[in-house]
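The values are calculated or read from the model by the stated rules, or taken from the named source; none is laboratory data. Everything quoted here is computed from the prediction, not taken from an experiment. Every residue, glycine among them, receives a Cβ derived from its backbone with ideal geometry; neighbour counts consider all protein chains shown. Note: accessible area is taken over every heavy atom of the protein model, side chains too, but ligands, DNA and RNA are not part of it. Shrake-Rupley method; radii C 1.70, N 1.55, O 1.52, S 1.80 Å.
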Amino acid sequence: MIRILIVDDHQIIRDGLALYLQNCVNDLDIRVADSCSTGWQALQVFQHNRPDVVLLDYSLPDMNGDEVMQKMHDLEPDLPVIFLTGNTSTQIAEDLLNSGARGFVGKSLGATDVVDAITTVIRGGIYVDASFSSLNIRPLLKKRFGLSERECQILKLIASGRAGYEIADHLNISQKTVSTYKKRIREKLDVENNMDLMRLAVQYGQDDIACGE
């Protein structure tokens, strides 16, 4: 079970997300553990009822989301925090990711994007929606995944839509070798199959994939 804490000062957003997450059809067992409207309330709830993921509004009436996240990380450094925001500033997003955020979902998007974000961060990834398409997350991915140069090349080719035999021809290696590399990449990125690998590669983009030196 994945326990979620929703922090947003708009009740309609809290109630709508809670209803959707607890009734969504996917392979996740999601339960909304609690919801609150201020940073202070969130910290009080967090101390007594630790969630697995926090959905956090960046602009709260009493403190900003970064301050809330830092106080939570003081207690639980690896806590996945996904920001819900109407602000598409890439500078703010980059600063927050560098501070420990694991994802961003614009409030103009649908609840299905929130589920995608939860799925990604629970598996150890970083989720950034299309609103932040110009954000350079390569350093963060490099630190998190540490793919070799060859693995990076193959993942970029996967992101471009190349089939296994096309990758083999392009790199002048065997299809069996390509399959071996795909298996290693799946293990490093913690994805179960090639379809999930394709989605992850496309999400991160060809220029933002983590590579070794």
Scanning the range 38-71 for residues that are open to solvent by 30 Å² or more (accessible area, probe 1.4 Å) and among the small types (Gly, Ala, Ser) gives Ser59
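Quick grid of which residues meet (1) at pLDDT 70 or above; (2) open to solvent by 20 Å² or more (accessible area, probe 1.4 Å); (3) part of a helix (DSSP H, G or I):
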| site | (1), (2), (3) |
| --- | --- |
| Arg150 | yes, yes, yes |
| Asp169 | yes, yes, yes |
| Ser179 | yes, yes, yes |
| Arg186 | yes, yes, yes |
| Glu192 | yes, yes, no |
| Asp207 | no, yes, no |
Checked the range 1-53 for anything β-branched (Val, Ile, Thr), within 19 Å of Asp116 (Cβ to Cβ) and assigned to a strand (DSSP E or B); matches are Ile2, Ile4, Ile6, Ile30, Val32, Val53
Taking the range 19-49 and keeping residues farther than 24 Å from Glu67 by Cβ and modelled with pLDDT of 85 or more leaves Leu19, Tyr20, Leu21, Ile30, Arg31
- Might you check whether a residue that is at pLDDT 75 or above, surrounded by 16 or more Cβ atoms within 10 Å (Cβ to Cβ), closer than 26 Å to His73 by Cα and within 14 Å of the chain's Cα centre (by Cα) occurs anywhere in the range 128-136? yes
Condition met for Leu79 (touching a helix residue (DSSP H, G or I) at 6+ places or on another chain (Cβ under 6 Å) and more than 22 Å from Arg14 (Cβ to Cβ)): no
Note on the range 8-40: residues free of Cβ contacts under 8 Å to residues at least 24 places away in the same chain and either polar (S, T, N, Q) or under 23 Å from Leu97 (Cβ atoms) (or both) are Gln22, Asn23
Condition test on Asp116, is it modelled with pLDDT of 85 or more, open to solvent by less than 70 Å² (accessible area, probe 1.4 Å), assigned to a helix (DSSP H, G or I) and of a type outside the set (Ser, Thr, Tyr)? no
